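Here, each number is a calculation from the coordinates, and none is a lab measurement. Here the structure is a predicted model, which means the values were calculated and not measured. Counting neighbours? That spans all protein chains shown, and the Cβs are built from the backbone with ideal geometry, glycine included.
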Amino acid sequence: MDHGKRNNASKVYVVFRGKRPGLYNSWHRCAPMVIGVKGSIFKALKTYNEVIATFNEFRNGSQADNISASKVYGVFRGKKPGLYNSWCECAPMVIGFKGSIFKSYKSYDEAVAAFNEFQKKMSTVKNNLQVRVLMKVMLEQVLCHLCC
């Protein structure tokens, strides 16, 4: 396919999912953001105002939920752990949060099961840590009584 013969000069592009979501004034600038990116989503429109309106609508969730309805995002460590129905909802909970842990799932049931399993494991880890701390304190007390 020869991209050089296309007349895309009058089009403006919006990238919803890709290397860098945003607005692009030519296919030349848009293409590297979506070509070879699995699951990329973009759209060509005639005017800049249409692109702005479409992008804002997507960011506010109405189109985002339709486009990514097949995915549920589990945030295990982040600003607010939980389940989210779109990347637009999930992203603010993990971006900029050092050590965030999150994953996308194909179904809500799968996400709930994974989230509950993670919570259960973290509870066990927390309890084990508390037991270790208690044992260390008790050992120190025993050693102190033996030495004194």
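The phi torsions of segment 27-40, fed into the Karplus equation with coefficients 6.51, -1.76 and 1.60 and a -60° offset, translate into couplings of 5, 4, 7, 6, 3, x, 7, 10, 5, x, 9, 4, x, 5 Hz, rounded to whole numbers, with Gly and Pro shown as x. Set the Förster distance to 25 Å, then compute FRET efficiency between residue 79 and residue 109 from the Cβ-Cβ distance, nearest 0.05. FRET efficiency, residue 79 to residue 109: 0.50. Counted residue by residue at 0.36 nm each, then reduced by the alpha carbon distance between them, the extension gain from residue 52 to residue 129 reaches 22.6 nm.
First measure r as the distance between the Cβ atoms of residue 120 and residue 140, then evaluate 1/(1 + (r/R0)^6) with R0 = 41 Å and state the FRET efficiency to the nearest 0.05. With R0 = 41 Å, the Cβ-Cβ based efficiency is 0.85.
Between the alpha-carbon centres of segment 86-108 and segment 36-51 there is a gap of 23 Å.
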